[in-house]
Amino acid sequence: MENLAPAKHQNTIIAKTLYRKIKVNNGIKYILHLPSGQRIITCSVNGSFQVWDLERGTQLLDEWKEKAAGVEAIALSPGGKTVATGSNDGTLKLWNVNTGKVAKTLTGHRARVHSVCWNRDGERVTSGCWGGTFRVWDVESGETIIGPIKAGGDVQTVCYSPDGKMIAISLYTVLKIWDANTGELLKTIDDVCCRCLAWTWDGKALFAGGWRIRKFDTATWTAVLDGGENFVDTILLSPNRRIVATTSYFDKTAQLWNLETNQPIGTPFHHEDFVISATFSADGKFLWCIIYSRRDGSFRVWDLEKGTQVGEEWEVKDNEVEAMALSPDSKTVATGGWDGAVKLWDTNKGRVIKTLTGHTREAKSVCWSSNGRRVVSGSWDGTFRVWDIESGETILGPIEGGGYIWAVCYSPDGKTIATAGDWLKIWDANSGKLL
């Protein structure tokens, strides 16, 4: 969701008149802008999936909402025109983003579809289900062209190789590699607990994360890395293609790995509280790790060139970090705190350069405009605010959102702001008017 900013306006509280509101049942887990900037995808807590027209503030046909079968997996096609969803009832649906209609319903799986993945040209989709099979579908015809292939257990993840020639399938303790054109089993690697998979950009290596991290040379399928002492929940490949980062929630660690030598960079980053997530800077030089705590709330910045921490730990005592967003130029990080404060951090010095106050409860979400001049924040005090970065002042708001605000998001053109809680609402980013 990934943003623009409008022109400046006065520091005024905008009058709130209800023009339109959108009711979304079961709360919203996340909001995603489609490439056109005119539509939003929402996924509710119950797994349902909807697409909304921003101009009209309406859901695009009832078919966008899975009423009987919650969405378990979702993937946008390379061209951004089609969404594939996997459901609890075993169906795979292809949605036309432009018309808001289900273009095809692909049936065949007998259990929930837990993972879907497009090949790079968008002509095929592979899906894996907890019934122990996976299939490859032709998008144009809607037919199964490979499968059903018995994988040998519940399929956790399916993942096309970058060149589209292979499909990696992860089970609980087995990793299998299949020929994407013939369905021939190319390799079975036992004793691999797979929670997540990630191919390198050139397809020469595949990472598998679970009880530990393993890296396989795809020419020989030998493990060139088999290490780590902690469970791996996520694997991140840096944009500079030199560093791999792994995070472990319950083990409370993050680890950096040298992609070329397959060796850990330093010792794991330990913290007394859970590692929620991590993110790379746009240039791939830094990694931010967010730490979850009711006591201190903190995050650390790692220099990925050197494998060292930048400055001291960025602590927010008595102000747990609830949200974090990196500025477009990667020079500033905005954080939302447990105490309602929004803080701006200098990424080079690891210091707070501005503290923006106004919210009376937790700031649960923050988002930058694409030019980096503004930040919008949403809070459990029921309001959202737009801040001018240079002055540190509220230039729009506080605006009542109607209940707890869990997420805020600028549209790519900067003309609208989406807020989400029990209701999805779209606002004019210049005037604050509810659209």
Restraint check, K104/K150; K93/K204; K81/K165; K150/K252; K93/K150, Cα-Cα greater than 29 Å: K93/K204; K150/K252
Rounded FRET efficiency, nearest 0.05, which uses the C-beta distance separating I74 from R361 and R0 of 41 Å: 0.85
Distant alpha-carbon pairs in segment 140-259 (separation over 21 angstrom), percent: 37 percent
Calculated FRET efficiency for the pair Y249/K150, C-beta based, R₀ 30 Å, to 0.05: 0.40
Hydrodynamic radius by Kirkwood, which averages 1/r over all alpha carbon pairs of segment 81-181, in angstrom: 13.3 Å
Chymotrypsin sites (Phe, Trp or Tyr not before Pro) within segment 106-166, DSSP loop, no more than 10 other Cβ atoms inside 10 Å: none
Placed amide H near Q156: partners under 5 Å, 5+ positions off or other chain: S170, L171
W211-R110 pseudo-label distance in nm [points 7 Å out on the Cα-to-Cβ vector]: 3.0 nm
Length gained when the stretch E229-S431 is fully extended (0.36 nm per residue, less Cα-Cα span): 67.5 nm
Fraction of accessible area attributable to carbon and sulfur, segment 331-435 (%, probe 1.4 Å): 45 percent
Long-range tail of P(r) for segment 137-197 (Cα pairs > 17 Å, %): 38 percent
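The values are calculated or read from the model by the stated rules, or taken from the named source; none is laboratory data. These numbers come from a predicted model, not from an experiment. Positions of Cβ are generated from backbone atoms using ideal geometry, with glycine treated the same way; all protein chains shown enter the neighbour counts. Keep in mind that these areas ignore ligands, DNA and RNA; they rest on the heavy atoms of the full protein, side chains included. Shrake-Rupley method; radii C 1.70, N 1.55, O 1.52, S 1.80 Å.
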